[in-house]
Amino acid sequence: KAGVTQTPRYLIKTRGQQVTLSCSPISGHRSVSWYQQTPGQGLQFLFEYFSETQRNKGNFPGRFSGRQFSNSRSEMNVSTLELGDSALYLCASSLRYNTEAFFGQGTRLTVV
Amino acid sequence: QQQVKQSPQSLIVQKGGISIINCAYENTAFDYFPWYQQFPGKGPALLIAIRPDVSEKKEGRFTISFNKSAKQFSLHIMDSQPGDSATYFCAAEDSNYQLIWGAGTKLIIKP
């Protein structure tokens, strides 16, 4: 059974640009969550999608957006990148609530 | 009320010792409490989880102790090994199925 796949693994962008990250969940998982991880801030929740609908949203500015497709694959987009957006972005999928969330290896975004 | 407070921030334990990480919460609607383990360069992975209807759950060397009245839960790692060196996160799931995360504990096991 394939795990959660995130692409790309590494990304370097310039301040002001936009970026799109992709996440393919485990087959059959309908819930996909996105997190930002930085050394000093731990895991910060961005948003969660379930069956193509955004079910939960964290406290991030509108520059951060996401979507989920009918095959449960998800993308997140960050527009007008800032230096502070440099982080590891993690995606997690789960079958339903109260069950294990499986994480991908993340996309390391560096904004210069 | 949505916070999960995790302590300590970092922990050094001798090989063979017991590692203890604590978490506290306020929201009584939380009903699922997992612990995740993260190694450098990897995403977190579920270690062990508990629901509030039990006070303790053990899986191998890992035990969750849950105190519903005190709104606290803790992870105990018995016979800690160098391979246990990692960052550990506690979490709690709220009524909207969202996981609320602790800040993490960096555990180092000294050989």
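Quick grid of which residues meet (1) open to solvent by 40 Å² or more (accessible area, probe 1.4 Å); (2) within 23 Å of B:Ile100 (Cβ to Cβ):
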position: A:Gln6; (1), (2): no, yes
position: A:Ile12; (1), (2): yes, no
position: A:Thr20; (1), (2): yes, no
position: A:Thr38; (1), (2): no, yes
position: A:Gln41; (1), (2): yes, yes
position: A:Arg55; (1), (2): yes, yes
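Name the strands (runs of 3 or more DSSP E) wholly within the stretch A:54-102 that hold at least 1 residues that are within 14 Å of chain B (Cβ to nearest Cβ) and modelled with pLDDT of 95 or more?
A:87-94
A:Ser24 versus (1) away from chain B (no Cβ under 12 Å); (2) surrounded by 15 or more Cβ atoms within 10 Å (Cβ to Cβ); (3) touching a residue at least 60 places away in the same chain (Cβ under 8 Å): which is the lone unmet condition?
(3)
Failed condition for A:Leu21, given (1) out of contact with any Phe, Trp or Tyr (no Cβ under 6 Å at 6 or more places or on another chain); (2) part of a strand (DSSP E or B); (3) modelled with pLDDT of 95 or more, with all others met?
Result: A:Leu21 passes all but (1).
Output the residues belonging to the stretch B:51-68 that are surrounded by fewer than 19 Cβ atoms within 10 Å (Cβ to Cβ) and either touching a residue at least 40 places away in the same chain (Cβ under 8 Å) or in contact with a Lys or Arg (Cβ under 6 Å, 6 or more places away or on another chain) (or both).
B:Pro52, the sole residue that qualifies.
From the list B:Phe66, B:Phe73, B:Phe89, exactly one residue is of a type in the set (Phe, Trp, Tyr) and over 25 Å from A:Leu90 (Cβ atoms). Which is it?
B:Phe66
Tally the residues that are more than 14 Å from chain A (Cβ to nearest Cβ) and surrounded by 14 or more Cβ atoms within 10 Å (Cβ to Cβ), restricting the search to the stretch B:2-37.
9
A:Thr110 fails exactly one of the following numbered conditions: (1) surrounded by fewer than 16 Cβ atoms within 10 Å (Cβ to Cβ); (2) away from chain B (no Cβ under 14 Å); (3) not in a strand (DSSP E or B). What is the number of that condition?
That leaves (3) as the condition not met.
Look through the stretch B:69-110, keep the residues that are in contact (Cβ under 8 Å) with a residue 24 or more places away in the chain and of a type in the set (Phe, Trp, Tyr), and return whichever of them is farthest from the other protein chains (Cβ to nearest Cβ).
For the stretch B:69-110, the residue satisfying everything is B:Phe73.
The values are calculated or read from the model by the stated rules, or taken from the named source; none is laboratory data. Just so it is clear, the model here is predicted, and its values are computed rather than measured. Cβ: placed from backbone, ideal geometry, glycine included. Neighbour counts: every protein chain shown. SASA here: full protein model, heavy atoms, side chains in, ligands and nucleic acids out. Shrake-Rupley method; radii C 1.70, N 1.55, O 1.52, S 1.80 Å.
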